[in-house]
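The values are calculated or read from the model by the stated rules, or taken from the named source; none is laboratory data. Everything numeric here is computed off the predicted structure, so don't read it as measured data. Using ideal geometry, Cβ is built from the backbone for each residue, glycine included, and neighbour counts are taken over all protein chains shown. For the accessible areas, the whole protein counts, side chains as well, though only heavy atoms, and no ligand, DNA or RNA atoms are used. Shrake-Rupley method; radii C 1.70, N 1.55, O 1.52, S 1.80 Å.
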Amino acid sequence: MELRAADRRRVVVTGCGVVSPVGNTTADFWAALLAGRSGVGAVTRFDASGLPVRIAGDVKDFDPTADGSLTPQEARRSDRFTRYAVAAAAQALRAAGLTPPDGIDPYRFAAVIGSGYGAAPAIQQQYDVLREQGPRRVSPYHSVLTAIDHPASLLSIKYGIAGPSNAVSAACATGAVAIGEAAELIRHGRADIALAGGTDDSLTAVDLAGTANAKALSRRNDDPEGASRPFDRDRDGFVMAVGATVLTLEEAGHAERRGAPILAEVAGYAATTDAHHATAPDPTGAGAVRAMRAALADAGRNPEDVGQISAHGTGTVLNDRIEAAALREVLGPDTLRRIPVTAVKSMTGHMLGASGAAEAAAAVLSLRDRVIPPIRNCDHPGEPDLDLVTKGARDWDGDVVLSNSFGFGGHNAVLVLARYSG
């Protein structure tokens with residue numbers, strides 16, 4: 001049964017945690033975005049010299065045991081995508097002032113941590129072990145550590161999460177779907193607190209080669225920091241990246257009673273599917289249009305209420321063009337011209353299943369600090385009717401951010417983040 005907006009519980013964000021190519025803490029991530037600093041560089045974790053694409057956004061100088069997020073044993077028994085997620089979740093809990101299991105009803109505590117592609121490096125590594133050393137050398141933890149639900153499972157064990165815990169997967173829309181579905185758990189009274197977000201680490205030779213062969217990746221190997229170019233006339237594809245983002249979500253009254261820092265409200269959410277093609281978006285943009293309209297309706301907002309757009313903005317010709325057309329359809333050309341548009345992937349690269357959550361975190365921080373991060377590398381805007389934020393960070397005093405996430409398989413997810421007014 002669908003609850004009326006006036007009857008349902010409100011969901012707020014009380015903490016953010018980020019591990020990304022531009023920083024391994026939320027503060028470093030946000031500072032890099034505001035400075036327009038790129039995290040894209042040459043691939044160094046394996047020999048990429050024979051590949052058509054040799055650049056990516058990798059996480060740097062990451063030690064999952066440094067802040068106590070993981071024990072050395074947990075780190076050894078986890079793939080990178082799990083390590084990133086657990087570190088991001090630990091940050092999100094600290095920022096929210098929570099130290100579970102203390103003071104938390106475990107049966108009212110949930111986790112929805114998604115991934116688009118899961119433990120790709122670990123799967124390939126164990127395949128090599130089987131081929132080169134035989135079956136007796138394959139890790140007994142292989143089935144666990146490569147499961148897409150391993151981050152949520154490990155978090156439940158570490159923090160005593162006895163409410164719903166699961167993984168969702170919706171390709172590049174995963175992070176936004178995880179946040180939206182976790183918010184639904186709270187809205188409908190199944191949880192009071194939830195860890196929600198996405199994580200991915202698909203930086204392998206196989207994934208780079210395959211995605212390059214699909215003609216989705218930028219081939220600016222000689223200009224890594226200039227490769228991710230959302231909405232730029234000279235864009236030529238996205239840049240593969242890795243990382244995780246997790247938000248602490250709470251029922252608003254629960255957060256207020258404990259004096260938690262309320263950063264923003266998850267006011268609306270919707271998801272649709274194109275039902276069109278495995279990799280290409282529907283050229284009509286109908287699924288994206290439906291998702292945006294439904295998310296605004298869910299939030300009880302009108303198009304003119306939108307104060308900022310956090311675009312999916314991959315830097316592929318088709319995705320940017322179709323997203324811009326969908327925005328015109330939903331908001332109307334006159335309204336759209338006055339709404340600033342940013343695209344975080346221009347700095348982080350495309351963090352795949354984590355990207356929607358990272359962009360939601362950026363929207364939350366934008367609402368908190370009243371500033372919009374710029375789009376890097378948009379030197380020659382290809383959509384002249386969009387108010388693209390290209391000349392450095394922009395001061396801003398809006399109240400509502402529309403955050404778009406679209407993915408392979410036709411997945412569309414839209415979040416409406418708003419300033420919380422109590």
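Structural remarks
- Cα-based reach from K345 at 26 Å (exclusive), listing lysines while leaving out same-chain residues under 8 positions away: K60, K215, K391
- Potential lengthening between D334 and R257 on full extension [0.36 nm per residue; Cα-Cα distance subtracted]: 23.5 nm
- Expected-Rg normalisation [2.2 N^0.38 Å, Cα atoms] applied to segment 131-203: 1.38
- For segment 25-75, the square roots of the Cα gyration tensor eigenvalues, ordered a ≥ b ≥ c, give a/c of at least 1.5 with a/b no greater than b/c, which places it in the oblate category.
- Proportion of all alpha-carbon pairs of segment 192-237 beyond 14 Å (%): 65
- Each Cα pair under 8 Å and six or more residues apart adds its separation to the average, and for the chain the resulting relative contact order is 24 percent.
- When S355, S49 are compared by accessible area of protein heavy atoms, the largest-first order is S49, S355, using a 1.4 Å probe.
- Shown here are the Rg and Dmax of the Cα trace of segment 53-148, at 16.2, 49 Å.
- Using a probe of 1.4 Å on the protein chains alone, the accessible area found for H142 is around 50 Å².
- Residue order for L34, L208 - accessible surface, 1.4 angstrom probe, largest first: L34, L208
- Highest GNM mean-square fluctuation among G197, G189, G356, for the chain modelled with Cα contacts below 10 Å: G189.
- For segment 146-251, the direction-averaged projected area of the alpha-carbon convex hull comes to 8.6 nm².
- For segment 319-422, the pair-distance distribution built from all alpha carbon pairs, in bins 10 Å wide starting at 0, is 13, 48, 36, 3, 0 percent.
- Computed about the Cα centre, the dipole magnitude for the chain is approximately 420 debye when only Lys and Arg (+1) and Asp and Glu (-1) carry charge, each at its Cβ.
- Cα-centred dipole magnitude for segment 1-127, charges only on beta-carbon of K, R (+1) and D, E (-1), debye, nearest 20: 240
- Comparing mean-square fluctuations of V53, V19, V206 from a GNM of the chain with C-alpha springs under 10 Å, the top value falls on V206.
- Near the amide H of T279, within less than 5 Å, lie the amide hydrogens of G409, all on another chain or at least 5 residues away, with H placed in the peptide plane.
- Mean Cα-pair separation over length for segment 131-256, i.e. relative contact order, pairs under 8 Å, 6 or more apart, %: 23
- Between I161, I262, I123, the GNM of the chain built on Cα springs shorter than 10 angstrom shows I123 fluctuating the most.
- Beta bridges by DSSP in segment 195-341, antiparallel share as percent, to the nearest 5: 75
- Under a model in which nothing but the beta-carbon of Lys, Arg (+1) and Asp, Glu (-1) is charged, segment 364-415 shows a dipole of about 220 debye around its Cα centre.
- Of all accessible heavy-atom area on the chain, the percent that carbon and sulfur account for (1.4 Å): 49
- In a fully extended conformation the segment linking S421 and S143 would gain 95.5 nm over its present Cα-Cα distance, using 0.36 nm per residue.
- Accessible-area value, R258, 1.4 Å probe, nucleic acids and ligands omitted, Å²: 80
- Cα-based equivalent ellipsoid, the chain: semi-axes from gyration tensor eigenvalues, Å: 30, 28, 18
- When the helices of the chain are scored as -39500 (n - 2.57) per DSSP H run of n ≥ 4 and the total is divided over every residue, the value at 222 nm lands at -10000 deg cm²/dmol.
- Beta bridges from DSSP with both residues in the chain: antiparallel share about 70 percent, rounded to the nearest 5.
- Per residue value of the accessible surface for the chain (all protein chains in place, 1.4 Å probe), Å²: 38
- Whole-number Å³ per residue for the convex hull built on Cα positions in segment 311-374: 94
- Based on Cα contacts under 8 Å between residues 6+ apart, segment 54-119 shows a relative contact order of 29 percent.
- Applying both filters, DSSP loop and at most 15 other Cβ atoms within 10 Å, to the trypsin sites (Lys or Arg not before Pro) of segment 60-165 gives K60.
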